[in-house]
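First comes the structure, then the notes that go with it.
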Amino acid sequence: MRVDRLFTDVRLMTMSPDRPGLGVIEKGVLATRNGRIAWVGPHCEAPVFHAAEEIKGEGRWLTPGLIDCHTHLVWAGDRAREFELRLEGVSYEEIARQGGGILATVRATRAASREELLRASLTRLDALLAEGVTTVEIKSGYGLEPATEYRQLEVAAALESARPVRIARTFLGAHTVPPEYASDRAGYIELLCSTMIPHVARERLASAVDVFCERIAFSPEETKRIFEAARAHGLAVKLHADQLSNSGGAALAAAFHALSADHLEYTDSEGVQAMARAGTVAVLLPGAFYCLRETKLPPIENFRRAGVPMAVATDCNPGTSPMVSLLLALNMAATLFRLTVSECLLGVTRHAARALGLEDDRGTLEIGKRADLALWSIEQPAELVYWMGARPLHQRWVGA
Ligand code: DI6
Ligand code: FE
């Protein structure tokens, strides 16, 4: 069999649904051709390969490249001062009401040039890539006006040319109501639905639409209207749901067959059941939970029992999760949310791919999937979750 790259002497976490847990193959071989996986399996079953390049793993672990399926990575400015205010006891919601929070980042992002945005974003992106991430979802939502929203998405696309990485783009114009529409919410929603969503769809600036459904952002009724516009323009939907209060966000997301509902601290069993029926992925964001010093845990055991796939992401954003380490998010998901090691690792591979609607394309080591790979200097899978701040990545490939 003629192949481009042949990985030998590797232990595989295939993440394949056809095998239990992480789909481990202890003595594995993986071959790639044209950027896709051409063969994968145990060494003893491997055919004879003619490879342009052989990579000897020396017993290291090979996994699919990690997927960070929820970030707001493109923004300008910083919110370190707000962090200090919170340390002094001011709440996140109070800061938002005073015009800080998201709106502070909106001002800085509107004022930033394309180049400034790109430079700031690359620093954060590089930190993720250094830990084996090969796909990053990036949301807009710090423009809240057409030009800046589109610019954020264009910068997200430009990151893909600047680094070996795949970017999935999500339009989050419905992050919060911008100040100029403070007394005309309906006017902003009209702008979203009649101008921005059609433009984003037409220009293929994003493949999904997200909404922050929350007391301080958009109501379930408003969310519905925005989702209907997304659907009418052929865009998938995702939802920031039940993060600070239970507004029935999870059930609403499920009713629209959302790819994912994210955060979910306040989701009730009705929401969990609806997500299970719709096949909506639960994206858990322990970084935001940690930064807000939230104490209400997402209903993990309920998700487990109902068979709702769980993903884990950084939520990288300047306000509630200034986190550029997906492995640290895993450690937090285990320690704070009690996810198992297998749940954690499936949550940044197979289930994260599904949260982006890309489960047929990546997220597992299976024939035909993209050869986006990470090779780790570890002795056992648990080390990817156990360490805080270690750099266990040996090498990564995007389309090997
Ligand atoms: N939920 C969050 O935690 C972030 N956005 C969202 O919808 C916060 C974004 C920010 O504070 O800048
Ligand atoms: Fe978020």
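What's the magnitude of the charge dipole for the stretch 66-355 around its Cα centre, counting Lys and Arg as +1 and Asp and Glu as -1 at the beta-carbon? Answer in Debye, nearest 20.
Numbers: 30 positive and 34 negative charges, 116 e Å.
Taking the Cα centre of the stretch 66-355 as origin, the dipole is about 560 debye.
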*Going highest first, how would you order 180-187, 33-40 by mean Cβ packing within 10 Å?*
33-40, 180-187
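With a Förster radius of 25 Å, plug the Cβ-Cβ distance of Val90 and Glu115 into 1/(1 + (r/R0)^6) and report the FRET value to the nearest 0.05.
Plugging the Cβ-Cβ distance into 1/(1 + (r/R0)^6) gives 0.15.
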*With point charges of +1 on the Cβ of Lys and Arg and -1 on the Cβ of Asp and Glu, referenced to the Cα centre of the chain, which listed residue (Cys44, Gln273, Leu172) lies farthest in the positive direction of the dipole?*
Cys44
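Strictly over 30 Å apart at the Cα level, which of Lys139/Lys296; Lys27/Lys139; Lys56/Lys369; Lys238/Lys296 would you flag in this model?
From Lys139/Lys296; Lys27/Lys139; Lys56/Lys369; Lys238/Lys296, over 30 Å: Lys27/Lys139.
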_For the pair Tyr181/Arg163, report the inter-label distance in nm, with labels modelled 7 Å from Cα in the Cβ direction._
3.1
_Can you give me the distance in nm between label points at Trp387 and Leu336, each placed 7 Å from the Cα along the Cα-to-Cβ direction?_
2.2
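Full extension from Glu53 to Arg304: what is 0.36 nm times the residue separation minus their Cα-Cα distance, to one decimal in nm?
On the way: separation 251, 0.36 × 251 = 90.36 nm, distance 4.18 nm.
Length gained, Glu53 through Arg304: 86.2 nm.
Ignoring everything except DSSP H segments at least 4 long, calculate the 222 nm mean residue ellipticity for the chain; use -39,500 (n - 2.57) per segment, divide by total residues, nearest 500. All intermediate terms of the calculation are to be shown ahead of the outcome.
On the way: 16 runs with 141 residues, N = 400.
Computed mean residue ellipticity for the chain: -10000 deg cm²/dmol.
From the Cα gyration tensor of the stretch 81-156, with a ≥ b ≥ c the square roots of its eigenvalues, which class applies: rounded if a/c is under 1.5, or else prolate if a/b is larger than b/c, or else oblate?
Working: a/c = 2.36, a/b = 1.36, b/c = 1.73.
Cα axes put the stretch 81-156 in the oblate bin.
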*Peptides 305-312, 81-88, 391-398: what's the order by average Cβ count within 10 Å, highest mean first?*
305-312, 391-398, 81-88
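Classify the stretch 66-355 from the C-alpha gyration tensor, please: rounded if a/c falls under 1.5, else prolate or oblate depending on whether a/b exceeds b/c. Walk me through the intermediate numbers first.
Numbers: a/c = 1.24, a/b = 1.14, b/c = 1.09.
The shape class here is rounded.
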*Could you give the nm distance between label points at Asp126 and Thr195, where each point is 7 Å from its Cα heading toward the beta carbon?*
3.7
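All of the numbers you see were taken from the coordinates with simple rules; none came from a lab. On a predicted model such as this, the values are computed, not experimentally measured, just so you know. Note that we place each Cβ from the backbone using ideal geometry, even for glycine, and neighbour counts take in every protein chain shown.
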